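Quick notes on the structure that follows.
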Amino acid sequence: MADGELCLLAGGGMRTGQAIGATNRLGEFAVSRPVTHSEIVATIYRNLGLDPATTFINDPTGRPQHLVERPPLRELV
């Protein structure tokens with residue numbers, strides 16, 4: 001996620017009760033294990049029963065595209 005953003009995920013079969021990564025002492029930016037938006041979306045898809053690695057959708061030109069380009073958060077699945 002971008003600097004200074006916080007995201008909370010709960011339910012849906014996720015392994016909850018944990019913090020992923022760490023910030024500097026002021027909470028300004030990630031210093032370890034930064035998380036991207038794509039990883040969060042992939043995690044949500046995975047917990048909904050869609051495998052983001054093998055599920056495709058067609059773009060407006062009819063070409064198959066991955067749902068997301070990143071894998072789900074391994075700590076939550």
Would a scan of the stretch 5-20 turn up a residue that is among the hydrophobic types (A, V, I, L, M, F, W, C), over 14 Å from Glu75 (Cα atoms), at pLDDT below 90 and out of contact with any strand residue (DSSP E or B) (no Cβ under 7 Å at 6 or more places or on another chain)? yes
Criterion violated by Pro60 - all others in (1) modelled with pLDDT of 85 or more; (2) surrounded by 10 or more Cβ atoms within 10 Å (Cβ to Cβ); (3) in a loop (DSSP other than H, G, I, E, B) satisfied: (2)
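For the stretch 6-29, name all the residues that are among the small types (Gly, Ala, Ser) and open to solvent by 50 Å² or more (accessible area, probe 1.4 Å).
Within the stretch 6-29, Ala10, Gly12, Gly13, Gly17, Ala19 meet the criteria.
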Of all residues making up the stretch 30-52, the number that are surrounded by 12 or more Cβ atoms within 10 Å (Cβ to Cβ) and either of a type in the set (A, V, I, L, M, F, W, C) or in a helix (DSSP H, G or I) (or both): 14
Filter the stretch 63-74 down to the residues that are part of a loop (DSSP other than H, G, I, E, B) and without any contact (Cβ under 8 Å) to a residue 40 or more places away in the chain, then identify the one that is farthest from Ile20 (Cα to Cα). Arg63
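The values are calculated or read from the model by the stated rules, or taken from the named source; none is laboratory data. All values derive from a computational prediction rather than experimental measurement. Here Cβ is always computed from backbone atoms with ideal geometry, including for glycine, and neighbour counts include all displayed protein chains. Surface areas here come from the heavy atoms of the whole protein model, side chains and all, with no ligands, DNA or RNA. Shrake-Rupley method; radii C 1.70, N 1.55, O 1.52, S 1.80 Å.
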